[in-house]
Amino acid sequence: MSPRASGATKRRRTIPAIDRLGGLLLGLVAGFALLLLVAPSLIVIAISFEPRAFISFPPSGFSLRWYWAVFENRQLTDSILVSLEVATLVMLAALLLGVPAAFASVRGTFPGKAGANAFLLAPQMMPGMVIGIAMLFFGAYVGFRASDLMLVVALTVFCIPFTIRIVMARLAGLDPRLDEASANLGAGPAETFLRVTVPQLGPALLAAAAFTFIEAFDNVTVALFTSDVRGRPLPVELYYLVQNDSTPAIAAISAMEIMLSFVVMLVIARTVGLERLGR
Amino acid sequence: MTQIEIAGVGKRFGAHQVLRDCTLSIARGQVLTLLGASGCGKTTLLRIIAGFLDPDEGEVRIQGRDITTLPPNRRQVGYVFQNYALFPHLTVAENVAYGLKVRRRPRAEIADRVRAALETVALAGFADRYPARLSGGQQQRVAIARALVLEPEVLLLDEPFNALDAKLRLAMQVELRKLISRVGITSIFVTHDQAEAMTLSDQVAVMREGRIEQLAAPLDLYDRPATPYVATFIGRANVVPVTVRGGAVEGVPGVAAARADGPAALVLRPENLRLLAAGAPGVVWNGRVAFATADGPTMELELDAGLAEPLRAVLPRRAGEAAPAAGTLLGLGIADPAGCAVIPHAG
């Protein structure tokens, strides 16, 4: 073994006490954070199996009756449909607008690019409530009333930074030399886009679609102000429901939403790899 | 027959003039190297030939046809990138097939030509691998096959050996030189490594600050450098300020100078000096040894002869001979006066 390598092993063996203490603390904090993140979800899932008509933890037994109750409740199933429809439209709109925007902000060279980038990502810095109220007031001013369409528009504004950021991160990681190589081999810009860029962007597009969908599906703050009173989306419906009722059906819906997110993440992890999302 | 001509090409990036009035031409089947330190504009010139950049002035012609404004995808010019730029989502065979697919060649023809190209670069067994699972040398060969399969008029290579380790680099340089002469394709290399330029090229263009400083065959560059920069960039050299009078160099007998009278610089390769006793006949410079070292076949010494820089000499060493001690008074003469070059004065 070279002297340098043995020096490195020796150094590793004598980690200063302060570093070990730091490592221990980091582990504790991380564990605590994880507990805070995961425990509420687990408790909600547990509560959803409660056989009795009121919320209690731990549940007094095991029953799926509240899951059936959700689907028997017309108001709830309607709001689930509204949410699915809205989330799908928001996802499509955010992709259609966000992907070209991400291209422009990564690959483009135009005056005012930094300003345009800041503007595109700005809604992320703003509380959803502000976006919701602003949209409502602006809508009142131009005669555009709270409705599914307004909800879609407001949520698209709210969600687009997520879409753009995910696509931007992947785009920035793509080697622009690959485009040049493609051109050098005879491909025009459109063919290069289809043969080189899209295949490599695929995972990021999938991830952006999934995140945007989930975000649009369970957003409350924007939806509270912009959704139609008669056709409330699920999160708003739940919000009103918990005000005057606390049935385990709410826990059952939440548990299903958690499951949905989990399945989406699992699918992404299996097909794309979660670690690639950040890139 | 001239394959490529570059005429008066200039390029500016903002306020920075990257290329100035670059002119050169390359005969069919020749290998030319653009050699220079980083930032000298050599890669910019290569990218202009490929069409990735448009020049501000000048023209690029291939077989007499002006291609200056032709988009890169309509030029018959192969390009091997410094990092190879293989498509990571395609296999080796798909990478090589890319250009043929874009050209909508029939499937059977693509398969045949890809197979032949992979055989040429000795990668027949790797067709179904992805680039990430290849070594640097293999990736380089895929990049070359991907360019050659289209039978381009010219092959451009941007520092193709940079990403390889030193041992592999030498082997690949020889391999690539053999491949290029077998295929007979006109090629332009970019490199900052003068040894690489000497190994690979028929012609070397030494570039400096966006200009072509000298264009010559590799050995001519070494033997007859045109400027002090070339003299010191290609190998090592003593550049001694001298005065030319009547076609001869004053104070240095036997060296002819086909130059007008006045100040000039004498380029003396370290191995063209011989060691003599101080004041002996044939001595041109006397001085004290500033530093000396011997490494078996040769010894190297620096003699402080009162010039701006000490004279450096590389001398053959006889068995049992030790390097002279520092401070010893010695003389240096010129072994072969015809092997010196007299060039314009530095600065």
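Just so it is clear, none of the values below were taken in a lab; they were calculated from the coordinates. The structure presented is a predicted model; accordingly, all values stated were derived computationally and were not measured. Positions of Cβ are generated from backbone atoms using ideal geometry, with glycine treated the same way; all protein chains shown enter the neighbour counts.
Which ordering of A:Leu155, B:Leu155 is given by a fewest-first count of other beta-carbon atoms within 10 Å?
Sorted ascending by nearby Cβ count, the order is B:Leu155, A:Leu155.
Given axes a ≥ b ≥ c from the Cα gyration tensor, I'd like to know whether region B:232-295 is rounded (a/c under 1.5), prolate (a/b larger than b/c) or oblate.
On the way: a/c = 2.49, a/b = 1.45, b/c = 1.72.
Oblate, because a/c is 1.5 or more while a/b does not exceed b/c.
To the nearest 0.05, how large is the calculated FRET efficiency for A:Asp19 and A:Arg230 if R₀ is 51 Å and r is the Cβ-Cβ distance? Please list the in-between numbers first.
Values: r = 61 Å, r/R0 = 1.19.
With R0 = 51 Å, the Cβ-Cβ based efficiency is 0.25.
May I ask for the distance between the Cα centers of region B:30-109 and region A:110-147, given as a whole number of Å?
Spelled out, the Cα-based centre of one part sits 45 Å from the other.
At 222 nm, what helix-only mean residue ellipticity would chain A give, in deg cm²/dmol to the nearest 500, using -39500 (n - 2.57) for each DSSP H run of four or more?
-24500 deg cm²/dmol
If you take the square roots of the eigenvalues of the alpha-carbon gyration tensor of region A:124-279 and sort them as a ≥ b ≥ c, do you get rounded (a/c under 1.5), prolate (a/b over b/c) or oblate?
Details: a/c = 3.42, a/b = 1.76, b/c = 1.95.
Since a/c reaches 1.5 but b/c is at least a/b, the shape of region A:124-279 is classed as oblate.
Picking from B:Ile334, B:Asn272, B:Leu219, whose Cα lies most toward the positive end of the charge dipole for chain B (charges on Cβ: Lys, Arg +1; Asp, Glu -1)?
Highest projection toward the positive end goes to B:Leu219.
What's the angle, to the nearest 10 degrees (0 to 90), between helix B:107-120's Cα axis and the longest principal axis of chain B?
20
How would you rank B:Leu273, A:Leu206, A:Leu151, going from fewest to most other Cβ atoms within 10 Å of each one's own Cβ?
Working: B:Leu273 22, A:Leu206 17, A:Leu151 30.
Ascending number of Cβ neighbours within 10 Å: A:Leu206, B:Leu273, A:Leu151.
Provide the packing ranking of A:241-253, A:114-126, i.e. peptides ordered by the mean count of other C-beta atoms within 10 Å per residue, highest first.
Listed from highest to lowest mean packing, they are A:241-253, A:114-126.
Would you work out which of A:Gly188, A:Pro233, A:Ile166 lies farthest towards the positive end of the dipole of region A:72-276, given +1 charges on the beta-carbon of Lys and Arg and -1 on that of Asp and Glu, about the Cα centre?
Final value for the positive-end residue is A:Gly188.
Anyone know which of A:Val130, A:Val236, A:Val152 comes out most mobile in the 10 Å Cα GNM of chain A?
A:Val130
Taking 0.36 nm per residue of sequence separation and subtracting the Cα-Cα distance, how much length would be gained by fully extending the chain between A:Phe193 and A:Ala39, in nm to one decimal?
Residue separation times 0.36 nm, minus the Cα-Cα distance, leaves 51.0 nm.
How big is the charge dipole of chain B about its Cα centre, in debye rounded to the nearest 20, if each Lys and Arg gets +1 on its Cβ and each Asp and Glu gets -1 on its Cβ?
So the dipole magnitude of chain B works out to roughly 1100 debye.
Note the full-extension length gain between B:Thr293 and B:His89 as 0.36 nm times their separation in residues minus their Cα-Cα distance, in nm to one decimal.
Going from the current span to full extension adds 68.0 nm.
When all C-alpha to C-alpha distances in region B:2-223 are sorted into bins of 5 Å, what percent of pairs does each bin hold, rounded to whole numbers?
Pairs per bin, as whole percents: 1, 7, 15, 19, 20, 16, 12, 7, 3, 1, 0.
For region B:199-276 and region B:287-347, what is the separation of their C-alpha centers, rounded to whole Å?
Computed from Cα coordinates, the inter-centre distance equals 17 Å.
Compute the label zone of B:Ser135 within region B:152-167: residues whose backbone N is under 20 Å from the point 7 Å along Cα-to-Cβ.
The answer is B:160-167.
Step by step: find N for region B:1-44, compute 2.2 N^0.38 Å, then divide the Cα radius of gyration by it. What's the final number?
For region B:1-44, the normalised Cα radius of gyration is 1.30.
Determine, for each peptide in A:35-42, A:46-53, the mean count of other beta carbons within 10 angstrom over its residues, then list the peptides with the highest first.
In descending order of packing, they fall as A:46-53, A:35-42.
About the Cα centre, and with charges only on the beta carbon of Lys, Arg (+1) and Asp, Glu (-1), how big is the dipole of the protein assembly as shown? Nearest 20 debye, please. All intermediate terms of the calculation are to be shown ahead of the outcome.
Numbers: 59 positive and 52 negative charges, 181 e Å.
For this selection, approximately 860 debye.
Rounded to the nearest 0.05, what FRET efficiency is calculated for B:Asp220 and A:Ala118 with R0 set to 56 Å and r the Cβ-Cβ distance?
0.45
Can you give the average number of partner chain beta-carbon atoms within 10 Å of each beta-carbon in peptide B:81-93, as a whole number?
Whole-number average of other-chain Cβ neighbours for B:81-93 is 4.
FRET efficiency for B:Glu250 and B:Phe13, Cβ-Cβ distance as r, R0 = 41 Å, nearest 0.05?
With R0 = 41 Å, the Cβ-Cβ based efficiency is 0.35.
Report, in debye and to the nearest 20, how large the dipole of chain A comes out about its Cα centre when Lys and Arg carry +1 and Asp and Glu carry -1 on their Cβ.
It works out to roughly 1340 debye.
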